Structure formats: structure tokens, C-alpha cells
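Colleague: I'd like to ask you about the structure that follows.
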Amino acid sequence: MDYQKELSKLIKSSCSFIYTVTSEEERLEYLLKQIVSHDISQSIQIWNYIDGYETLIDNQNKASRNPLEALNVIDTYNTNSDAIFFLRDFHVFLNDHTIARKIQNLSRKLNSCNQTILISALELKLPTSLTYIATIFILPLPNQYEIQIEIIRLLKLIQETLNPDLIEQLVSISRGLSIMQLRMIFSKIIVGQKSFSKLAYTRFIIEKQKQLGNNNFLELCQNNVSLQDIGGIYKLKHWLIKRSNCFSKTSLNYGIPYPKGLLLMGIQGTGKSLTAKSISSIFNLPLLKLDMGKIFGGIVGESENNIRDIIKISEASAPCILWIDEIDKAFNKQSNVTDSGTSSRVLGTFLTWLSDKNSSVFVVATANNIKMLPPEIVRKGRFDEIFFIDLPSYSERDAIFKVHLKQLRPKTWHRYNTQYLAKYSRLFSGAEIRQVILEAMHNAFSQNKEFSTDDILNAINSIIPLAFTDYENIMTIKKWANLGKSRLAS
């Protein structure tokens, strides 16, 4: 575990003040104990606001509910004894000038001996006076190895057979969770259930969705859409199929780096979101949907922290698909004028990560109006490719009619004249074609009969497609795409 080595180096190099960002105090304590387990001369002194020090170094318990006294105990501690002073949630007191000044004074003493103050915090908030002496350490979410060890431990506790396939599945779906979240989900499923069956695995996915829902930004989507559910876009499908094994060990050993992602641009209703969902099935990876609108908070710095948290969870969940729907609404050329640069800073953090990332997170962004996006997003190197999804052609409309009719009438779909329907639905998008079929079904159902090709034709005549009502904007987007700035999906 690289981060354990990093923390160990910080402690052994006599860093006097380590500021650790994590929500997992118990895991951090375990790591500290692992680090000092090979050094019998070093001790860990743990403090929290309610109980004071958990050890005997403060016999009168003066440090309980007294953060300044907690620092005084450190000040009087024997300089010849090696120690790590783990102060839980101490960041809430750092804005007190007395506390900050005391830590500055203590750092001089600690620099001359093998002692370290390590505080845990949920977020990074350091007063300016301490930024020069503090070393920041961000504890990442558990990696695959840690998750596997914990899952095996939990399965043994319930005397479950250690099925390698089940363990591999659980490890894969547990990425992005903290150890505590993993334990909570596991306990919730096991209560009232004797074994960890396939049903339990399905419930595990649902419970993980609830845990991700707590951060209000990411949603774990079911990957129940395949390429066969989408009509047309043959060039885009071919591009995706060629990369279906891009996250395998074989691909990595061949020397191919992990792909960055795709930007899907096109007219509304042409299947961008459906395509994003299908990529999860093609790559056989979990799909995380990011709600960009919820990232922007009212508190200064909150939005920037939110995007960093999302990046952290996404990378911990890797390999996975990160789907950003309608990215043009979150980042557009006008937003930076009205939000004092917040969207620009969030965008900068996101694009830097997108350019530099070497993790197995495949980003799929969709946009309806790419001309509204800042040029930094569409420049080469951010995404592997930009695809334009146009209104479906005649043959694609025929395929789309067949896809929907096969879903709605799997036994009788061949009775419908899809070629005739495709001919008379010119300028209709895929979403509008589905709506036409549903309209025909409602009309026929109200007349107590089965809907026919004629019913669909009548529905086509009653619906005005977006290509007519928003003709100018659609033509502008199509002209942009035809300039060669993107690849055509079909």
C-alpha cells in the first residue's frame, strides 16, 4: 500500500505536524499501529475531545474537553521517548489563535525529537499560521487489496464458503466505499439472511447506491442497456467494440494505456444518454452517473471540494464508467461571468484530472450544444474522441423502429412495415420515434384494439419533431460537426 509507506516515511522523517484528511478514523488508527508495530520504542497516544487521552499519560484526565491541555500534555512529554500523538477531529480548534500559537511553539520542540502530532480531519481547513509547518496527508479510500481482506474477514465471520468468484464480484462492486460503509452494507444484508447468495449480491448493489446517494453527487446505475438496444450509430458502435477489452490485463501488457473517455455531442433525443449506459455493458464495468448541477455549493470553496471528492470516489471505484450527462449545462461560456469564477475553478480541477489521469476511469460526457462549451473541454487530449450523433438516416430510423417494436411486441414486431414508417418519419429523432409508437399504442388502447402500422403513421402526422421547431440551432450544430471537428457516429 503506497499510502501506508508514504505515511510511514512522514513519521520516520520526524514531521512534527501531520494534517490527515479522512473520514475513517478507525482505519487511520489501524495504519498507525501497523507502522509502529515494527518499532517497539514508539508509542501512539490517542486523544479525543470527550474522553481526553485514552492512555495513562494524563492521569488526572485534564485534557478531557480541553484541547489546549491536550497540547500541554505533549509539551511536558519526555523528549527521549518516541511518540505519535493522534488527535481526533482536532482541526475544529485550529482557528483559535491560542491553539495555533501553541502548535507553532510545540513544533520547535518536536523537531528536535522523534515525536509527531497527527490530527484527523474531514476536510482541509488550515489557518494561514500553520500552513508553513503542516504536512498534508490525504488518506485515500481502501484499495482492492484492503477490500478483499475485509470481505474475506466478513465472510469468515458468518461462516460463508470462500467462493473466489463471489469474492471477486464483491471486491469489484465495493470499490469506492470506505471500510465502515462496507461493514454497514454487509451487516444490513446478512441480518435475516443465512447465506450470501446471488440475491444478496443484487441487494449489495442497491445498498451501495444508497451509500453513494449520501454524497448526493454520484448515482450507481444499472447497466441494463446493450448496443442491440440502440439503432444506428454504427461507426460509434464499431469504435466502442474495438475498445471493449481496453481495461483488461492483456491490453495493459500490450502497452496500451487506459483510455480517457468520450464526448458525445448531438441533437436532443438522438440516444447520447442511452449510448453512455450501453458503454457500461460493452466494457462490463459499473456505471457512475455524476449530477454536475449538485456540485456547485453556496459556501466558498465547497464546489471545489465537491469535485475533488467525486474524483477520489471515482478513482477508488476504478475500473468504472463515469457518466456526465449534459456537461454543457454545467460548464458554459457565460457561467463564469455570473459565479465569480467558481465554475472556472471546478472546470480547471476536472480538466487537469482528465488530462493527467492514468487510472481506469472511463469518462463519458454528453452535450446538446457543444458551441456553449469552453474551448478547453474540446481540445485534443481531454477525451480520446468526440463523436457527433446526428438525426437518424432512413436505414437508422428503420433499425430504431425495429428495436422499439421488438421490445414492445417481441412476438409480432415483424408485422409492422418499418421501412414505410422510416420513410415518413424523416427528421424524427430516436426519442421521438419511440414517442410516436407509444402515442399509437395509447390511441389504439383507447379504441380497444391492437395498434397497427397505420396507427403509427397517424401518430407521426400528429407530432411535430424538434428538427422543425428548433431548426436554426440544429442546423448550427450540424454545420459545426461537418467542419471536421468531431467524428460522425453514423
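Colleague: Pull up the cross-link candidates among the lysines for residue 294, meaning alpha carbon to alpha carbon under 18 Å and not fewer than 8 places away within one chain.
Modeller: Excluding near neighbours in sequence, the set is 210, 312, 329.
Colleague: Now for a separate question. Could you give the angle, 0 to 90 degrees to the nearest 10, between helix 2-12's Cα long axis and the longest principal axis of the Cα atoms of the chain?
Modeller: 20 degrees
Colleague: Which distance in nm do the two modelled labels at residue 412 and residue 158 give, with both placed 7 Å along the Cα-to-Cβ direction?
Modeller: 4.6 nm
Colleague: I want to check the label-to-label distance for residue 384 and residue 138. Put each point 7 Å from Cα in the C-beta direction and report it in nm to one decimal.
Modeller: Output for this residue pair reads 2.5 nm.
Colleague: So which trypsin sites (Lys or Arg not before Pro) in the stretch 392-478 end up in coil per DSSP with only 16 or fewer other C-beta atoms within 10 Å?
Modeller: Working: sites: 397, 402, 406, 411, 415, 423, 426, 434, 449, 478; in loops: 411, 426, 449.
Taking the stretch 392-478 and a limit of 16 other Cβ atoms within 10 Å, the loop trypsin sites (Lys or Arg not before Pro) found are 411, 426, 449.
Colleague: Here is a further query. Only four residue types carry charge here, +1 at the Cβ of Lys and Arg and -1 at the Cβ of Asp and Glu. Report the dipole size of the chain about the Cα centre in Debye, rounded to the nearest 20. Can you show the working numbers first?
Modeller: Numbers: 57 positive and 47 negative charges, 290 e Å.
That gives a dipole near 1400 debye.
Colleague: Also, quick follow-up: With only Lys, Arg, Asp and Glu charged, each at its Cβ (+1 for the first two, -1 for the last two), find how big the charge dipole of the stretch 227-389 is about the Cα centre; round to the nearest 20 debye.
Modeller: Details: 20 positive and 14 negative charges, 102 e Å.
It comes to approximately 500 debye.
Colleague: Whole angstrom only: what separates the Cα centroid of the stretch 440-490 from the Cα centroid of the stretch 31-99?
Modeller: 68 Å
Colleague: What distance in nm lies between label points placed 7 Å from Cα along the C-beta direction at residue 462 and residue 480?
Modeller: The modelled label-to-label distance comes out at 3.5 nm.
Colleague: In what sequence, highest mean first, do 458-465, 343-350 appear when ranked by Cβ atoms within 10 angstrom?
Modeller: Values: 458-465: 15.6, 343-350: 19.2.
Per-residue Cβ counts within 10 Å, averaged per peptide and sorted highest first, yield 343-350, 458-465.
Colleague: Okay, next question. What number, in percent, do you get for the relative contact order of the chain if the mean sequence gap of Cα pairs under 8 Å and at least 6 apart is divided by its residue count?
Modeller: Working: 718 pairs, mean separation 64.1, N = 490.
Relative contact order here is 13 percent.
Colleague: How high is the FRET efficiency between residue 122 and residue 54 when r is their beta carbon distance and R₀ equals 22 Å, given to the nearest 0.05? Write down the numbers at each step before the final one.
Modeller: Details: r = 21 Å, r/R0 = 0.93.
With R0 = 22 Å, the Cβ-Cβ based efficiency is 0.60.
Colleague: Figure the gain on full extension for residue 109 and residue 81 (residue separation times 0.36 nm, minus the Cα-Cα span) and round it to one decimal in nm.
Modeller: Working: separation 28, 0.36 × 28 = 10.08 nm, distance 1.28 nm.
Additional length available on full extension: 8.8 nm.
Colleague: Neighbour counts of other C-beta atoms within 10 Å: give me 77, 3 arranged from fewest to most. Walk me through the intermediate numbers first.
Modeller: Values: 77 18, 3 13.
With the sparsest Cβ surroundings first, the list reads 3, 77.
Colleague: Continuing with the same structure: List the pairs from 188/260; 260/411; 62/188; 423/478; 33/289 whose alpha-carbon separation is above 32 Å, in the order I gave them.
Modeller: Working: 188/260 36 Å; 260/411 41 Å; 62/188 40 Å; 423/478 21 Å; 33/289 37 Å.
Correct reply: 188/260; 260/411; 62/188; 33/289.
Colleague: For a distance above 46 Å, tell me the whole-number percent of Cα pairs in the chain that qualify. Walk me through the intermediate numbers first.
Modeller: On the way: 32129 of 119805 pairs.
When every Cα pair of the chain is considered, 27 percent fall beyond 46 Å.
Colleague: Let me ask something else about it. Treating only the Cβ of Lys, Arg, Asp and Glu as charged (+1, +1, -1, -1), what charge dipole size does the stretch 2-138 show about its Cα centre? Round to the nearest 20 debye.
Modeller: Working: 13 positive and 16 negative charges, 92 e Å.
Taking the Cα centre of the stretch 2-138 as origin, the dipole is about 440 debye.
Colleague: Evaluate E = 1/(1 + (r/R0)^6) for residue 38 and residue 65, where r is the Cβ-Cβ distance and R0 equals 51 Å; express this FRET efficiency to the nearest 0.05. List each step's numbers first, then the result.
Modeller: On the way: r = 35 Å, r/R0 = 0.68.
That gives a FRET efficiency of 0.90.
The numbers here are math on the coordinates, done by the rules we state, and not lab data. The model shown is predicted, which means the values in this text are computed figures rather than measured ones. In this analysis, Cβ positions are derived from the backbone assuming ideal geometry, glycine residues included, and neighbour counts consider all displayed protein chains.
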